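Asks: For reference, the structure I am asking about is given below.
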Amino acid sequence: MPVTPPRDGVAINYEVHGDGPPLLLVSGTGHDLGFWAGQIPRFSTSFRTIVFDNRGVGASSVPNPGYSLADMADDAAHLLDSLRIDAAHVMGFSMGGHIAQELTLNHRARVLSLGIHHSWTRNGARLKKFQETRLYLARNDQRVALAEISMLALHASAYYDAHVAEMDAHRQFLLEKSPVNAGWIGQLEACIVGDTYDRLPTINVPTLITCSNLDLIASPHLSAEIHAKIPGSELKILEGTGHVALMEDPDGFAEVCLEFLRRVAH
């Protein structure tokens, strides 16, 4: 897979699928570009779909902790530069939704439309405690506990119980292929201090915000907070899915996104 030229010592691994208007997809905490595997076949029929490993994950560079979500947004802008793309539709999920906000705020001309999926603008008390707990486990090399607490929060309860093989596969990814501890630590530290709340009203691109009614990580009130701050944004609440709705209902999630993308792209 191709890798960008290093920028400040950080090289980003990426893939490009399909053709059409460029669509940049930003993954969530601890997950590589495979996070979007269920959407790529759907998006790439209409869009030049770009997925990548955030710093700290997969085949991208693993810098020392101490970077911010804005730094990770700069990585995404550098990827667009490497692909000679002036501007793209941008969608981010969970931490990726926060990175997508920073990309839009700091590189306004690069973003044609914005998708903020199952994300937040600032940490509420519960979300902050969840992230701090995972950070403690990463710092103390408690990888099994880190994987298990993540699994319990990522998926809706009924879906978890009904999809044993899928849960085993997701758990094995977190245990064996998710970031080394430095990657987890760097990403979680960035998530804990990230805050776009006061700057959101300056976003003036078409914006879709999604959340799920069974999400235990980024519950609907956090998406409602984003919606209230971005003028003209759209809010869609998905039913029956947990935090990773793009995994639990890939068709339904993709259809919501594609309806928005096709409308704003044309």
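Every number here is computed from the coordinates shown, using simple stated rules; none is lab data. From a predicted model like this one, the values you see are computed outputs, not experimental measurements. Using ideal geometry, Cβ is built from the backbone for each residue, glycine included, and neighbour counts are taken over all protein chains shown.
Asks: Taking N as the number of residues in segment 177-220, what is its Cα Rg relative to 2.2 N^0.38 Å?
Replies: So segment 177-220 has a normalised radius of gyration of 1.57.
Asks: How do the peptides 24-35, 144-155, 245-256 rank, highest first, by the average count of neighbouring beta carbon atoms within 10 Å per residue?
Replies: 24-35, 245-256, 144-155
Asks: Could you tell me which label, among [x] 34; [y] 16; [z] 11, carries the value of percent of Cα pairs over 33 Å apart calculated for this structure?
Replies: [z]
Asks: What does the helix-only formula give at 222 nm for the chain: each DSSP H stretch with n ≥ 4 adding -39500 (n - 2.57), the total divided by the residues, and the result rounded to the nearest 500 deg cm²/dmol?
Replies: Value at 222 nm, helices only: -13500 deg cm²/dmol.
Asks: Another question, if that's okay. Along the Cα→Cβ direction, 7 angstrom out, place labels at Val180 and Ser68. What is the inter-label distance in nm?
Replies: Modelled inter-label distance: 2.7 nm.
Asks: Farthest toward the dipole's positive end in the chain, which of Ile185, Asn106, Ala76, given Cβ charges of +1 (Lys, Arg) and -1 (Asp, Glu) about the Cα centre?
Replies: Selected residue: Asn106.
Asks: Sorted from largest down, what three extents in whole angstroms do the Cα atoms of segment 1-88 have along their principal axes?
Replies: Principal-axis extents of segment 1-88 (Cα, largest first): 38, 26, 22 Å.
Asks: Order of 65-72, 136-143 by packing, highest average Cβ count within 10 Å first?
Replies: Going from most to least packed, we get 65-72, 136-143.
Asks: In addition: Please report, in debye to the nearest 20, how large the charge dipole of segment 14-265 is about its Cα centre when each Lys and Arg carries +1 at its beta carbon and each Asp and Glu carries -1 there. Each step should come with its number before you reach the end.
Replies: On the way: 20 positive and 29 negative charges, 100 e Å.
Computed charge dipole of segment 14-265: roughly 480 debye.
Asks: Which net charge results when you count Lys and Arg as +1 and Asp and Glu as -1 among the other residues whose beta-carbon is under 15 Å from that of Pro179? The partial results should precede the final answer.
Replies: Values: positive: Arg55, Arg134, Arg139, Arg143, Lys177; negative: Asp32, Asp53, Asp75, Asp141, Glu176, Glu189.
Net charge in that neighbourhood comes out at -1.
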